[in-house]
Structures are given as C-alpha cells and as structure tokens.
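Structure first, then comments.
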Amino acid sequence: MLRTLGGSQFRESPAFSGSGFGRGIFFPEPRELMTNLDDYRIREQPYYKAVGTEIALFEAAHQARMPMMLKGPTGCGKTRFIEFMAWRLKKPLVTVACHEDMTASDLVGRFLLDANGTVWHDGPLTNAVRYGAICYLDEIVEARQDTTVVIHPLTDDRRILPLEKKNELVRAHPDFHLVISYNPGYQSVLKDLKESTKQRFGAIDFHYPAADVETEIVAHEAGIPTSAARTLVEIGIRSRNLRGHGLDEGASTRMLIHAGRLVAKDVSLSAACDAALVLPITDDPDMREALKDAIAACI
Amino acid sequence: MTNQTPFADLVESGLVGDPRNGSIWRALRQVFNAHQLADWRADLARLQASGLGPAGLEAYIRATGTLAEKRGPLAALALAPCILDVERHAGRAAAAALSEATAPALRHLGNERDFRDWLDAVAELAAQGPESVAPVLARSDGLLAELGAHGFRAWVLGGLRAGGGDPERRLALFSLSDPRAFDLFEQATGDIGFTDAERALKAYLIALFRQKPFIRAVAGTPGDTLQRRASFERQFVQVPARMRGVATSSVRKVYRAMLAHIGAHLVHSGPRFQVRGLKPMQVALVSLIEDARVEQLAMRELPGLFRLWAPFHTARADGGVTAPSLFARLSRALIDPNYRDDDLWVTKGRQMFFADREAWVDPGISRQIGNLLGNDLGQMRIQFNPRTYRVEPLYRDDNSGLWDTDDAPPQISDEQDVIVETVRIERTQDLDDHDLESSIPDDDVGQATARESRADDGVPVGKYAEYDYLLGRERSEWTTVVEYQPQPVDTTLLDRQVQSYGDVLNRLENLVGAARVSRPARLRARTEGDRLDLDATIEAAIDRRAGLAPSPRVYETTERRNRDLSVLVLLDISESTKDFVKGSSTTILTFERIATALLSQALSDLGDAFAVAAFCSNGRDDVRFYPVKGFNQPYDRDARARLAGLRGGLSTRIGGALRHAGVVVGAQRTHRRLVLVVTDGEPSDIDVADRRYFVEDARKAVQSLAHSAIDVFGIGPDGAGTGYLGRIFGRRNFVVIDQIARLPNKLPLLYMRLTS
Ligand SMILES: Nc1ncnc2c1ncn2[C@@H]1O[C@H](COP(=O)(O)OP(=O)(O)OP(=O)(O)O)[C@@H](O)[C@H]1O
Ligand SMILES: [Mg+2]
C-alpha cells in the first residue's frame, strides 16, 4: 500500500520535557489540538488500603518506567490502586477501557475535518505519551489483537509511538508509563494476550485482600460498622471457596461493597447479599441454594 | 342383648377357636352401632362362604377388632371387600395374609384415608400381579415404614408397570430381589432424598469448610425401622439416602445440618481417639463433648450455624434421669445458652465445658470432660445400654470416625446401627435394558462383538509419534490411528433425549441469537459493498486533502460476520463410558451423545464450521477414530444417526487421537482452530500400565497442536482429584464438571463462552 512508510520517513516531534500541560510546536501542520493533562490529575487522595508490598513495587517499576501489568480477578482493586498510585506519584492518569470494537485509531488518534481542512486529533494513548502520563489500558484482552500491537514499540527500549497516518514518530515523554490490566481467570481461547505482548510487562498479582484488610475496605467504602463488614467478608470468603466448584468466580470486593451499601440503607444483611451477590453471581439453582445457605451460616 | 359373640356359631361349629375374642367382641360392641354390627356379621358370613377357612376367618376377626378400635368402624368394614377381591385374584393364602398384615400396617397408616389407600393398592396388585400379593403383604411393616400409604401405592403401580406382563419379573421386583426395586422405591417415596439435594449440599460443604469428602448416600433396607445416622471415616462420608420420618420440607435442612456437623469434625477434630480402657458410656460421652466442641468452634466463624443446629435439640429438662435423656439434655445444654436445666450432672457438664472455652481448640478436653462425666454417671448408678443408644439429635453422625477403628468398641455400633450398604446401581453390566437405554437397538454387549468382527473394516489413516516422559523424547511413528465408520442407528431416541433438555435448548437459542446479533453486522471498509462507509469515505477525503493516496476501501456491506473458527469435538468413548452415571440408569456415553447433539445443533445454527469425531484405543496399533460429522458435511439426520450409533468400548489413548484430530482440524483455513475434547477419566491403554505415561503424552500432543496454532480445550470429571485435566490441557484450558449428568447442560454453554 502506498501509505505504508518506512520508519526513516517519519518526522519526529520534539519530546516534550517538564511536567505539566503540553505546549509545544508539532509537525506537521495543521496545529494539534492542545491538551491539558491537568484534567487527568487526581487531586484528592483516593482511598486505597495496601494489601501487600504492591505500593513499593509499583513505585520501583514506575521509576524504571517498566511497563506493568496488573493481574487479578475482577473487582479486587486494580483500578483503585492505579488511581491511588497516580495520585501518590503526582502523575496524570489516562485510563482507557478497552472493548472489542476498539481500533488502533481509537488509541492513537485520527484526522478529523474542520472548516479549514483536516485536523489531527491525538488519541488518549498519544496524549499520555506526549505529555507524560500514566496510561492505564483496562481489560486489554478485550481489544483486538491488531490494536494491541500498537503498544509494542512503546514497551521496549525505544519508547516510541509511530503515528503512521500522520507520518510522525512520537518519542515518549520521560514521565510516560504504560500500565495494563489483565484478568487471567477469563477463559476464552479467542481472547488472550499474545505471548509477545505479555512478555513486555512486569506484573503485580492482585488477590482479594486478607480478611482484616478487606473488612476495613468494605466498612470504609460502604459506610457500615466493622462488625457488619466482617460478616460480609466472611461471606465473600465462603463464596470464593466455590470458585471452580460450580462458580466461575466468587464474590469480589466490589460486590461486598455493593451489599454493604444496601445494608447501610437499612436493608437486612441476607436480603442485601441476595440482591448484590447471590443473584448476580449465578443462575444455577443448586449453586444459589448452596450460596444462600452458606450466607445464612455466616450471619 | 345377648352376651354371645356374633361368631359364637363359628366357634361352636369348630371353624374358629375363641382367641381372646372376649376382648375383641367388647371392642367391636363399643365402636359399631347395631347397623354396622349387622354389616360386619354379614361380611363374616360372606368370607366364610367364599371358603376363607378357619385361620383366615380368625385373622379377619382379629384384624377388624384392631381396626375398629384404632381407625373406626368404617375402616373395619372396608377390609372384607378387599379380602374378597384378593381371594378372587390371588387365592386364599394371600387373602388370609391381608388380614394378618393389617395390624402391623396400621402402625404406619395414620388415618382412615391412608388405610383405604393401602387397601386399594393391595387390591390393584391382586388384580394385576396376583403372584406378588403374598410377598408384598409379608413385608408390609417395612415397606410402609419407608414409603407411607401414598408412596406404597406409587411403588406398587411403578412395579406393575416395570414388571409388565411377566409374572416372574414382577415377583422379583416385588420381593425386592431385583435391585431395580430400590430404584422404584426411591422414586415412590416421592419425597426428597440425598441425591436430589446432593449437588447443592456438596457445594455448601465446600463453601463453608473447603471440604470435599467423598459422600455416599446409603439406602436403608426396607423394614429397618430405625432412623439411621450419618457416619464418616476420614474423607469418606456416608449419609442415609432418605430421611425417614422427616417432613419433606425439612429434609434438606437435616442434610445441611448433618453435613455442616461433619464438616466441623473434618476441620476441627484431631487425630482419632484411642479407645484404650474406656467404657462404652465414656466413649459415648467423649463423643458427645467432642460434637459440642467442634460445633462451638465452627460457630465462632459461622455464627449462623447456631440457627441451623439448635432447633434439632429438643430435649427437655423434665426428661427423666435415664442415660439417653441426660445425654440429650447435656447436648442441648452445650449448644443452647437459653436452655435451662437444673440437673446437677447436666449443670456440671455445662460448667466444665464452658470453663474450658479457651481450650476448645484442644480435642483433649473432650476426653477429659467426657471421662469425668462418665465417672459421675457411674456413681449415680445410671445404666447405659450401648445397644439401644443412638447419638442425638438426628443430624449428628454416629461418631465412629472419632475413634480408632482397630479396637473400636463393637458396642457403640450395634448391628442395626451400622449403616447397611445395599445394592446401589452404579456400575452394573448385567442390568439390561430399561429406561432410556432400552430402546437402543443392539445392546452394548452385542455391539461389542459385532465390532470385533468388523475390526478389519478400519482404515489406517496415520502414524503418529508418542512421547515417553521417562525417556524425555518422542518415539516417532509409534501409534497408528485407524478410522472406523460408526454404525448409524435410528435417531428417534436421541432426538427425544435432546428434546428433554428444553431449557438448555432455549438458552442456547437465545445465546446463538445474541451471538449473531452482537456480531457486528456491518462489514466496513470493503472494496465493494452496497453502500458507502461514511467513516472510510471521510477518511479517504481527508487523505486526499492531506496529499496522501486515499484507500479504495470505502464501502460497507451487511453480512453475518464470519466467526472464522473451526472446531472439532472429540469424544472419548472408551469402555468406562458404558458405566451408568451414579444415581441414574443412563450411561456416561448417553450423556456425551446428548451433549454433543445439543452443541452440534447450536453450532450449525451459528454457522461455525465444525466436525464431530469419537475415539478409543486398543493398543498403540489400533487407536480408533470414528468420524461422526466432517467439516463439510451437514449436521443432518445421517450425522445424528452416526452419533446415536456410537458405542463405548476399549481404552483411552488420547494422545494419538489428539494428534490425528490436529491434522483434521489443521486442514481448516480459519483464523482459529479448536479441538474440544470430552473425556470421562484419565487416559489409559492396555499396553502400558503407567497412567502417567498417557497423561504426559497427551500433554505433549496438546503442546504440539498449540504450536500449529490449534487450541485444545478439555472437559471432564476431575478423576478423583488427580488433576490430570490440568496437566494435559494446561491450567486455563479445561473445565471440570462435577457430575457427568450435567454435561448436556455444560458443554454447549461452555463452547458459547469460550468463543464469545
Ligand atoms: N485495596 C483496596 N483499597 C481500597 N478499596 C478497594 C481495595 N480493593 C478493592 N477496593 C474497592 O473495590 C472496588 C472495586 O475495585 P476496582 O474497581 O479497583 O476493581 P478492579 O480490580 O479494577 O476490577 P475490574 O477488573 O472489574 O476492573 C473499588 O471501587 C474499591 O471500592
Ligand atoms: Mg459428630
């Protein structure tokens, strides 16, 4: 195809140095939309309760700008963690929820038309690369594989992002840090990361937190007394025992918080668990029965 | 009114003696009015005229005496017509047996209606299975104890249906010498048994305690009137298959309480106690304290168990000072803080137990407290009879698992106490056709021989390497895959079986619909199409303005997006698939067939390219491969006929079959290629004893397929926890099904999820 250009033909844009919003001169014309990453800064400290050594580990990885993969079951705090880390490291955070119809342009950017002609519009990834943000690609497996490969040159020593359409090679801002989330429990042979993608990342494995920690989280997030939170956590543990024995997943921290919020609104514990936990988690009548009975035993 | 009995004439004529008839007479006089008395006398005359004979008449008189007294005059008068019926069809002996059976039967027939139901059932049996009346009546007590009046009737009707026109078969069924009688039995009780709730209960146990013991439901012997207790022995648990005398609505609760209690033992009971020098009473008491101890520990984490267990403790403080009563009261005192009991011994036990609260984690305290309390009872000269003692309440196990069995006191489990294992049909080769299997032409045995003779009809289709993990390398051209044609059979039965999974069909239909709808129907950026793709057009316009060459791909069309996927379903049809699935009369292979049929239906609705094949093996030179449906064959009646015609046999050399499957699916030119293996157990074959060999070879085969970009996914039972599925297919690429019977529900949905 005519449009395919060799790497040498790319013109480079100057790396933007210094933190803060972006203001620079870019090639080619027309002018870029200016992006102020200030909107992506997290101003208030997100509530995050450490489960292990993940904070120190991530800080080290960030210092080395090592691309990171946050592994773990759904609702165990990955998203909250990255928000917290962005706040702590005082870096803007650009989050992209990946989905199966997402194309490379959705990440990288595209030309749009305006009254004067064509305007290039950076995608969220390009923004993060240019101006130095943590870019968090949530549930990356959901994206099509041809989309996923655009991150490859960003995740090795080159740290570059070729904008093929625009004939530009963006060198990553020193602050740019790529983080993805990946839920290994998700069984689909059609959806898995390529080996070549996986191997570019360091990983932090998230699990549901230990009972005491999880109790504190549930109590805090749902606004309920510790005792009730504790019971919910016990229930969560029982439901997780059923993972692989009739359930694909046990109740996540998120689900327990949901149940807790209902409790905070004066719904009884067992009704709250029914609504927030048993019914969403399975349609199998035997499993529902077992779960309900197990919940009754915890209360 | 005369003082003479109404049957004085019979006595005088010497036809009947005068057995306790003074009292019978008084009973009749009290209950019957004059009218009814006359009726009764007339019945008696009729029975005499029919030739019932002296013994029969006497039994009748006695039976009606009891009946009149216990169930009223109308019940008593209902007996004679039935006797006449029975006599007409089944003869005099059977008729006499009816009267004899009345008194024992009454114990289980709570009201007049029950009694009449029972009579009706007997009359029905006499009419349609006269030979079986006597054996059934002889077992009335036990049968009714187990079944109740309603269940008894259901059982009789079921037996008549199953026995058909064959008196011998009926007799075998009704005299319980045919194992199928127990199946009928289970069906007839109509209430829930363990198997009905098994899946949920097992999940419950896993959820609460992460315990997954082997649980076996043990059927009682009809006639055994004692309520049985559960029992455990390390990881082996036995529970009564039915809870006799428990209201249907509470059965699940009893099982739940039972398993929760055993779970508490499994988690909190330590190594088994030594019986050394303990008296039976002490053994019972130590067990009782131990029960309370493990329950208290379990309730620390799971306080809700209190609400489950406590209601079973119904002992009362005014219960008397016998050992069973005191034991039951102590049990209650140790779990129920609201229970008041001022008995000194109970109070002492309670105080000792709760004073040791901090030491509960130590099983030693059970021994200590139990011994002390035992000594006290000895000094109080309270008798303890180990023969009649049973652990209370109902949900607790017999505690035999707590004691070292080698020298366990035989006293504690009196013979009736030991759970008698009766025939359970799990793997029965000689059990011939019945239920679903019956209508399949050619039973498995006949088929096996037929196949043997056709053995040379197979066509060798490939030689494949096999991996020897001991050598750490493959032997090339080691196995020969031979293709055989499955014999098509009539599909009526299979179609019917498939239809019986209406809910799965419905769900699949929805999923298939959704899968189609959710696939983007628009194909964008095509070089041709029926309309312009707006985005692509704009892009092209922009490119032109930017001085780039625009792409000609500016059209879009609506098309069902090709899922671009080929799947080969590979079925294990080795010998073990002929086994009956526990608790049913359906074989594993039947479930595999149904599951495959359901999946195939969905696949052809989806339009995914798929093939179906089966395999088994007979040594390395004869790995048999049965193509059921090829990728370019339609899933039609012929394909179903081949599927229905699959017969189980031989071994499971899965590696060779997988390699061949890889070749078959590898020829497909789709983006994704998938082999979906349905197994029923660990691989094996006749020429190598080492099971691990086949597992490792299969693992190798899966890996080599992966290299050719073919995904392999396995589904099967967990092989008693050997983890072979994970070993073969890799950590993420298998699904364990807890019950083969659920394969038809699982397999198609699994596929839908895999490819969603
Ligand atoms: N360690 C934690 N500290 C504070 N809150 C937590 C923690 N773990 C979980 N939570 C709570 O659980 C909720 C769910 O977590 P989060 O959204 O981060 O899950 P996730 O792992 O990103 O899930 P998914 O994979 O589905 O996106 C959060 O909103 C937060 O309230
Ligand atoms: Mg016990």
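Under the shape rule built on the C-alpha gyration tensor, where the axes satisfy a ≥ b ≥ c, the stretch A:204-299 is oblate, since a/c reaches at least 1.5 while a/b does not exceed b/c. Look at the Cα gyration tensor of the stretch B:271-423: its axes a ≥ b ≥ c give a/c under 1.5, and that counts as rounded. With neighbour counts taken as other beta-carbon atoms within 10 Å, the residues B:Ile83, B:Ile262, B:Ile61, B:Ile538 rank, fewest first, as B:Ile538, B:Ile61, B:Ile262, B:Ile83. Based on the Cβ-Cβ distance of B:His707 and A:Ile55, what FRET efficiency does E = 1/(1 + (r/R0)^6) give at R0 = 51 Å, to the nearest 0.05? E between B:His707 and A:Ile55, to the nearest 0.05, is 0.80. Of the trypsin sites (Lys or Arg not before Pro) found in the stretch A:49-113, the ones in coil according to DSSP and having at most 10 other Cβ atoms within 10 Å of their Cβ are A:Lys90.
Values quoted throughout were computed directly from the atomic coordinates according to the rules given, and no laboratory measurement underlies them. Because the structure is a prediction, the values reported are computed rather than measured. Virtual Cβ from ideal backbone geometry, glycine too; neighbours counted across all protein chains shown.
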